[in-house]
Every structure is written in structure tokens, then in C-alpha cells.
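S.K.: Sharing a structure, written as C-alpha cells. Questions coming.
The values are calculated or read from the model by the stated rules, or taken from the named source; none is laboratory data. As the structure is a prediction and not an experimental result, all values here were calculated from the model. Quick reminder, even Gly has a Cβ in these numbers, built from the backbone with ideal geometry, and neighbours come from all protein chains shown. For accessibility, only protein heavy atoms count, side chains too; no ligands or nucleic acids. Shrake-Rupley method; radii C 1.70, N 1.55, O 1.52, S 1.80 Å.
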Amino acid sequence: MSEHQHLLEQLRLPSRFESLVAAIGPEVAQILVAPEDHVLDVFRECALHIKARGRGLFLPLYARSGTGKTTLVTSVGSWLPEEFGPTARLAGGDVSADRLRQIAEALSDDHGLPANEKRVLVINVDDRESDPPSDKELSQIKSFLRENGVGSRSLVVWPETSLTTATKMATDFEERAGKSPVSIPARVSGPPIESWQDTAVATLKLVNGLDSLEELGVDPRTYDPCTEKTLGDFLDRIGNDFVALLAKLLAETRKPLRVIIGMASESGKAGVLGELTGSSRYGFLDADKLLGATPNSVIGKWWSTRRGLLVQTIVRLDARIVHLSPSLTVPVVRRFGPEAASSVLEKLGINSRPPSDITNYFERADFGRLLLGTDSATAEIRGNPAHDARAAFELLAEDYGFGSGNDKKLNQALGDYLTQGKPDLGEVFIEKKLPYMPLIPDIAIDTEELVTGVELHWRSGDFLTTANRSEIAQYTLRKLKAYAIESGWASD
């Protein structure tokens, strides 16, 4: 069983490029802001000289900490794709011609660059700030840059946060290799200050895979970038406030609470639910889509004047909506359901399955994957359920029905399975009041880390179609309102 961490404990706002890359990988390109022309001109000039002279260049690079040196050097090929190929990172340790050659050749191989590649390769000497190169290392760099092959078309960049150190580095190198054709050390600045707020908003969205997080209460657009010296400092300031907000929200909930709304019907796949949820976290509700699906309903109008609260409620509850297909519900009802429901299925020739078989269905289902913490951004790969399961659910709806309290007995059946068939999920409560708020979820699962409230909606037919989008949205918004009010986040 994978440990499921509440959403509030997963949210973050990295302020450094390395952390961003670790968090979102190649998608980091979506938040990059092109440097100002005078910065790119430095690299254009380097590329021109390297190509014209057939010799690599050494570029000591000075900028304040948090300016975005790593971002700049790593992404120069994105902004000047005609002049520069990919960037390689030379991490710490001694710098030698052999190491430089190996990393440049590996860069060519990894990116499948042709032997006649004309673009400049960039090598970023990382983790050596305030640790300038020795005489021997400078000589090794000089030797590498004059080699035929990868050395003669490489730009070795040495970022530094001390102008004094960068200047001495440049002077010492020129004493060994002669006057550089470009002015060194290069002095660069970060992205334009007017782009910082949008960068912070985009970072929040991409890193966490969620829209509208700024409506939780920390909105980067309300921060004045002029109060900070660098983009990194600006992101740090917002990030500190963001962490403080998350800590406050977690503390207010006593124990983190999440909500899963389960739609049980004949439908074999999520259908219209995808029109009410985001794309990065499976089943995670989207405030804009919910309100857009039912703008004129009473509950839609109630939430439309509290849009920020709706975003907060969804995030604080890590609120998801998923379908429960007949492939799971039918065997659960057949084995654990009330006699009246079980006998309907028995008449159709549906045999009672052992708990181990039901667990196999459960672990493959979206509902099961959410409870087990093995959910992903995509729905389970499943088409229509087996014909006998779908027919059985149809007969269950017709002969047993879901009104007059019958749905509560089916909730009990699923709760009994979760108690008896999956004892590793935590303590299961069925139709019982939560210990710290006057809410009675259909099913609650209590662990040391969090409480999960499961709200089930049993409907006949292929319910998860576009025709029922408004009804599903209204049901969901009513549940969210109840949780928000009982949690003390809103008043009716």
C-alpha cells in the first residue's frame, strides 16, 4: 500500500532552477522568460567568435545570487536555437580537459547531434561559486578549448556571485590564454522585473499541477517585485508566505481531511467527470468547470459569489470525484450487500466472488487507486464493463432501486468490504459522525495521517454523460458547501 499524502502537504513553490527542474522536468521551459537583449547579446557574440575562430571560449559570468544564472546558462539554447545546442552541467570537483571532453562528447551522444553539428555546446561549471579555478584548472580549460572536435566549439561558462572573484578569474585566464575576444567577466541580469509576478503564478501552477492556487490566499500579483533585488528573492518571499499559509490551513483542520465523491452507475468510464476536473491530478475538482457547468442553479449562484472560497475548499479537502463502475460495485453488492439486493443478482446468475477477487477489481479501479494512494493523472484504462456486470447493475436499479434508503444499505455493503476485504486502509466508519465536526460521510476512513470522507451517489443508467453534467456539478457543489460550512470556513 502506498502512503497517501494530503494535498496541502504536497504543495510547494521552489525558488531555484534546480528545484524547478527536479519538480517538473522539461516543462520548466513553459515558465522561462527570455532575458533582455543586452544579456543575449553576450552569448550571440560568444557564438560568433567561436564559429569564426574555430576555437572555444571561456566565459566567467557574474550576477547576484538568485538572479537566474543557472536558468540562463541552461536555457540559452532555447532562446538562441540557431547559435547554441544543449547545455551540460559539470558538477563540482576539479575541472580538467578530460572531464570537459567527456561531458561534451556525452552531451553530443545523448542528444544525437550529428558529427558536423555547427551549433555551440555549452558547459556550465556548477557548484563552484566562491571556489575559483586554480592555475592548473585554468590551463586545463585553455587546453580543452583549443582541441579539435568538441572543445573547439564549446563555451565553458563559470558562474560567480562575487564580482571581485569573477574579475580575477578572467584576468588570470587571459594571462595564460591571451586577450579574450569578448569582454570578460560578463555581467548579466535576470528576467525583467515586470515578468516576476507572472513567473511566480506560472511556477505555482506548473509545480503543483493545479490552477488558481493564488486564490488560496497568497497571490503573487499582490506582491511588489520592486521590494526585492532578484527573482529568486521574490520567489523566496512568496514561498515563505505560501508555506506559512499551508501550515495554518493544516493546523486548522486538526487532522487533514480529504473527500472523494463516488458516482456509481452503469457507466464503465469517467465520461463527463473529465469535464469537471483538472488534468494533472486524477479526479481533482476544478472550480471554474464546476461553476461553468451549472451557473444558473441555486448552488451555482451561491458559490459564484464565493469563488475564492470554493478554490480553498477544494484544495483543503483534496476533493476528487471518480466513477465506480459495475465491474466493482456488482461483486461488492453480491457478496456484502443486503439480502434483497444480493438475491436480485443471484437470480441473474451472478456468483458471489471471494474477497480476494473483489480486491483485484478494487485495486484496478480509480476509486481503489485513490484510497490506496496509487492514483495518477489519468483514469483507469477501461472501456465498458463486462456485459454481465452492466446488465446486473441495470437489474439492480430496476428491481432493488436506490431510493427509500436502499442506497444507504449499498453504502454499508461497500463499507463492509473496505472493513473486511481491505483491512490495511485504516479504520472504516459507515454513516457515523466524524469525531471533530458534525458531518456524517457515507463512509469515513481514518488513518494516522488523515481522514477520508467518501460520499456515494447511486444512479441508474449510463449516468456519466454530458446531459447530466449540471446535475453532477450541483450534487458536488452541495457536498462541498456542507463540508465548508461544517468546517467553519463558510456560513450559509
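S.K.: For Cα pairs less than 8 Å apart in space and 6+ apart in sequence, what is the mean separation divided by the residue count of region 187-242, i.e. the relative contact order in percent?
M.R.: 39
S.K.: Can you spot the aspartates and glutamates whose alpha carbon is less than 14 Å from LYS422's alpha carbon? Ignore those fewer than 8 places along the same chain.
M.R.: ASP357, GLU363, ASP446
S.K.: Oh, and also: Please work out which option in [x] 27.7; [y] 33.4; [z] 20.3 gives mean projected area of the Cα convex hull in nm² calculated from these coordinates, and answer with its label.
M.R.: [x]
S.K.: Helix-derived [θ] at 222 nm for the chain: sum -39500 (n - 2.57) over DSSP H runs of at least 4, divide by residue count, nearest 500?
M.R.: It lands at -13500 deg cm²/dmol.
S.K.: Quick check: convex hull over the Cα atoms of region 276-334, volume per residue in Å³, rounded to an integer?
M.R.: 114
S.K.: Right, another one. Compute the label zone of SER134 within region 150-180: residues whose backbone N is under 16 Å from the point 7 Å along Cα-to-Cβ.
M.R.: So the set is empty, nothing qualifies.
S.K.: Continuing with the same structure: Just to check I understand the Karplus step: with θ = phi - 60° and J = 6.51 cos²θ - 1.76 cosθ + 1.60, what whole-Hz values come out for region 223-229, glycine and proline as x?
M.R.: Each residue of region 223-229 in turn: 9, 8, x, 5, 7, 10, 7 Hz.
S.K.: Could you sort out which of LYS269/LYS408; LYS289/LYS433; LYS118/LYS205 sit more than 27 Å apart by Cα distance in this structure? Please list the in-between numbers first.
M.R.: Numbers: LYS269/LYS408 23 Å; LYS289/LYS433 30 Å; LYS118/LYS205 37 Å.
Cα-Cα > 27 Å for LYS289/LYS433; LYS118/LYS205; rest within.
S.K.: Take the Cα gyration tensor of region 314-354, multiply each eigenvalue by 5, square-root it, and list the three semi-axes largest first, rounded to whole angstrom.
M.R.: 30, 10, 8
S.K.: How much length is gained on full extension from ARG364 to LEU48, taking 0.36 nm per residue of separation minus their Cα-Cα distance?
M.R.: Result for the pair: 108.1 nm of gain on full extension.
S.K.: D for region 254-395, whole µm²/s, Stokes-Einstein with Kirkwood Rh over alpha-carbon pairs at 10 °C and 1.306 mPa s: what number?
M.R.: My calculation gives 96 µm²/s for D.
S.K.: Provide the FRET efficiency to the nearest 0.05 for the SER343-THR374 pair, computing r from the beta carbons and using R0 = 35 Å.
M.R.: On the way: r = 34 Å, r/R0 = 0.98.
Efficiency computed from Cβ-Cβ geometry: 0.55.
S.K.: Name the residue from LEU434, TYR483, THR465 whose Cα lies farthest towards the positive end of the charge dipole of region 423-492, charges +1 on Cβ of Lys and Arg and -1 on Cβ of Asp and Glu.
M.R.: It is THR465, whose Cα lies furthest towards the positive end.
S.K.: Could you compute the net charge surrounding LEU395? Neighbours are other residues with a C-beta less than 13 Å from the C-beta of LEU395; K and R count +1, D and E count -1. Don't skip to the answer; put the middle values down first.
M.R.: Details: positive: ARG334, LYS347, ARG390; negative: GLU266, GLU346, ASP388, GLU394, GLU398, ASP399.
Surrounding charge for LEU395 is -3.
S.K.: Based on the Cβ-Cβ distance from LYS229 to ASP288, what FRET efficiency comes out when R0 is 45 Å, to the nearest 0.05?
M.R.: According to the calculation, E is roughly 0.80.
S.K.: Kirkwood hydrodynamic radius, region 393-492, all distinct C-alpha pairs: what's the number in Å?
M.R.: 15.3
S.K.: May I pose another question? State in Å² the accessible area per residue of region 406-461; use a 1.4 Å probe, count heavy atoms of protein chains only, and round to the nearest integer.
M.R.: 42
S.K.: Say the cut-off is 21 Å between C-alpha atoms; which of LYS248/LYS301; LYS136/LYS168; LYS69/LYS229 go over it?
M.R.: Violating the 21 Å limit, Cα to Cα: LYS248/LYS301.
S.K.: Carbon and sulfur together cover what percent of the accessible area of the chain at a 1.4 Å probe radius?
M.R.: Numbers: 9910 of 21290 Å².
Carbon-and-sulfur percentage of accessible area, whole number: 47.
S.K.: Report the gain in length on full extension from ILE440 to GLU471: 0.36 nm times residue separation, minus Cα-Cα distance, nm rounded to one decimal.
M.R.: 9.0 nm
S.K.: Taking the solvent-accessible surface of protein heavy atoms with a 1.4 Å probe, what is the per residue accessible area of region 72-172 in Å²?
M.R.: 45
S.K.: Distance from the Cα centre of region 57-85 to that of region 105-152, in angstrom?
M.R.: Using only Cα atoms to place each centre, the spacing works out to 14 Å.
S.K.: Dividing the Cα radius of gyration by the Kirkwood radius, what Rg/Rh value follows for region 109-236?
M.R.: On the way: Rg = 20.1 Å, Rh = 18.2 Å.
Answer for region 109-236: 1.10.
S.K.: Taking amide H positions as placed in the peptide plane 1.01 Å from N, state which residues far from ALA88 in sequence (5 or more) or on other chains have amide H under 5 Å from it.
M.R.: For ALA88, whose amide H was placed from the backbone, the distant partners under 5 Å are VAL122, ILE123, ASN124.
S.K.: Here's something else I'd like to know. Could you give the nm distance between label points at ASP109 and SER460, where each point is 7 Å from its Cα heading toward the beta carbon?
M.R.: Each label point lies 7 Å from its Cα, and together they span 6.7 nm.
S.K.: Continuing with this model, one more query. What GluC sites (Glu not before Pro) in region 116-155 are in a loop by DSSP, with at most 15 other Cβ atoms within 10 Å of the Cβ?
M.R.: Passing both the DSSP loop test and the Cβ count: GLU117.
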